[in-house]
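The values are calculated or read from the model by the stated rules, or taken from the named source; none is laboratory data. These figures come from a predicted structure and were not determined experimentally. As a convention, Cβ positions derive from the backbone with ideal geometry for all residues, glycine included, and neighbour counts pool all protein chains shown.
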Amino acid sequence: MNAPLNFTAESLAQEAMQFQAKLRAGLDTLRQVEDVDYGATSKEEVWRDGRVVLYRFRGDKAPTAKVPLLIAYALVNRPYMTDLQADKSIVRGLLERGEDVYILDWGYPDRSDRYLELEDYIQRFLGGAVDHLRQASGHDAINLLGICQGGAFSLCYAALNPGKVRNLITMVTPVDFHTDDNMLSHWTRNIDVDQFVDTLGNVPADLMNWCYLTLKPWRLFVQKYVGLVDILDNKQAIEDFLRMEKWIFDSPDLAGEAFRQFIKMFYQGNGFVNGGVRIGEREVDLADITMPVLNIYALQDHLVPPAASQALGGLIGTTDYTEHSFRGGHIGIYVSSRAQREVPDSIRDWLRERDR
């Protein structure tokens, strides 16, 4: 006899047996899995300022691009998301297409970094890396790829130093922080960030992770772990899952003063749109960005909604502005199979047209 939900005692028993078989297979699989590693591509340190390090990636062949491409990632996560594993690496895709790729690693701030400001990150660290590459390559200006918060930093740097950036690429970069669908922005607009930073000093990574996870609580706290049962008998799938989990929870603390400034000027003040972004003694005006700009955004991005990125086109001064939309989310734009095909091609083709 069928129950109202169209299952029987026999089907429930069968499902329970299959579940137990998955768990038994999972025990065997987990015995084979060691600590997962990340970073598919070899790299070497070429410049350092304190704990901030500039790396050059080494591909299987020498780069054909003459102008270096510098990647600036966000502070809130580790930059190896761009080179997570061999088949999920935007970096590897760019190297295979001839780009000369560098990445800035912000490191793990400690209490001695509490008073670092946005000026330190943008003009000192990012600017120092740019100047090193300009000198090493013999070019007056380099190509800059800013990702997420690193994209906001790159916009500030390019506006303040337009002669040092030849081509600017932004990926999943927030520009208008007050779009209606930006839940993270709604949360932070009324926070007393002064009390927050004065109390905590540096902002703990675990607290930031909790905030991001609660944007999608069912998906990120429950569903993905329930779904883990389905792949327990697949060693490769388990390793991929653990590698992603390691990235999610391998987050640095955030320097308190820089966090205070970023929340006030961007999330609360919406400074790119309304004005009021000051880096040191200088005010940022996106109209001063006159170099070519490629803006890549993700259509299903819950952290940086498309409208938040698309606002860039109406604020910058360049006449050479290109948008590229990607079908995926904030993380999928780095690790999905679609991303491996589309994103490096889009960047390479766009740069080739302008670096001739």
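Quick look at the numbers
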{"item": "Residues within region 1-59 that are in a strand (DSSP E or B), farther than 20 Å from Arg243 by Cβ and touching a residue at least 24 places away in the same chain (Cβ under 8 Å), tallied", "result": "7"}
{"item": "Among the residues listed as Leu69, Leu12, Leu54, the single one being surrounded by 11 or more Cβ atoms within 10 Å (Cβ to Cβ) and farther than 22 Å from Leu155 by Cα", "result": "Leu12"}
{"item": "Residue tally, condition among the small types (Gly, Ala, Ser) and under 14 Å from Phe177 (Cβ atoms), over region 259-292", "result": "4"}
{"item": "Count of region 197-223 residues which are assigned to a helix (DSSP H, G or I) and either touching a residue at least 40 places away in the same chain (Cβ under 8 Å) or among the acidic types (Asp, Glu) (or both)", "result": "8"}
{"item": "Unique residue being within 30 Å of Leu315 (Cα to Cα) and surrounded by 16 or more Cβ atoms within 10 Å (Cβ to Cβ) when the list is Gly275, Gly256", "result": "Gly256"}
{"item": "Some residue of region 117-138 being of a type outside the set (Gly, Ala, Ser), more than 27 Å from Phe272 (Cα to Cα), in contact (Cβ under 8 Å) with a residue 60 or more places away in the chain and part of a loop (DSSP other than H, G, I, E, B)", "result": "no"}
{"item": "From the options Thr188, Thr170, residue that is of a type in the set (S, T, N, Q), modelled with pLDDT of 95 or more and out of contact with any Asp or Glu (no Cβ under 9 Å at 6 or more places or on another chain)", "result": "Thr170"}
{"item": "Residue match in region 198-207 (condition: surrounded by 14 or more Cβ atoms within 10 Å (Cβ to Cβ), over 30 Å from Met291 (Cα atoms) and either in contact with a Ser or Thr (Cβ under 6 Å, 6 or more places away or on another chain) or among the β-branched types (Val, Ile, Thr) (or both))", "result": "yes"}
{"item": "Residue check, Ala136 crowded, with 20+ Cβ neighbours inside 10 Å, of a type in the set (A, V, I, L, M) and modelled with pLDDT of 95 or more", "result": "no"}
{"item": "Qualifying residue in region 224-238 (condition: touching a residue at least 24 places away in the same chain (Cβ under 8 Å), crowded, with 17+ Cβ neighbours inside 10 Å and out of contact with any Lys or Arg (no Cβ under 7 Å at 6 or more places or on another chain))", "result": "yes"}
{"item": "Residue satisfying all of: in region 259-272; among the hydrophobic types (A, V, I, L, M, F, W, C) and in contact with a Leu (Cβ under 9 Å, 6 or more places away or on another chain); farthest from Leu312 (Cα to Cα) among these", "result": "Phe259"}
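Rundown of residues vs (1) crowded, with 16+ Cβ neighbours inside 10 Å; (2) in contact with a Ser or Thr (Cβ under 6 Å, 6 or more places away or on another chain); (3) in contact (Cβ under 8 Å) with a residue 40 or more places away in the chain, yes/no style:
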| residue | (1), (2), (3) |
| --- | --- |
| Leu286 | yes, no, yes |
| Thr290 | yes, yes, yes |
| Thr318 | yes, yes, no |
| Gly328 | yes, yes, no |
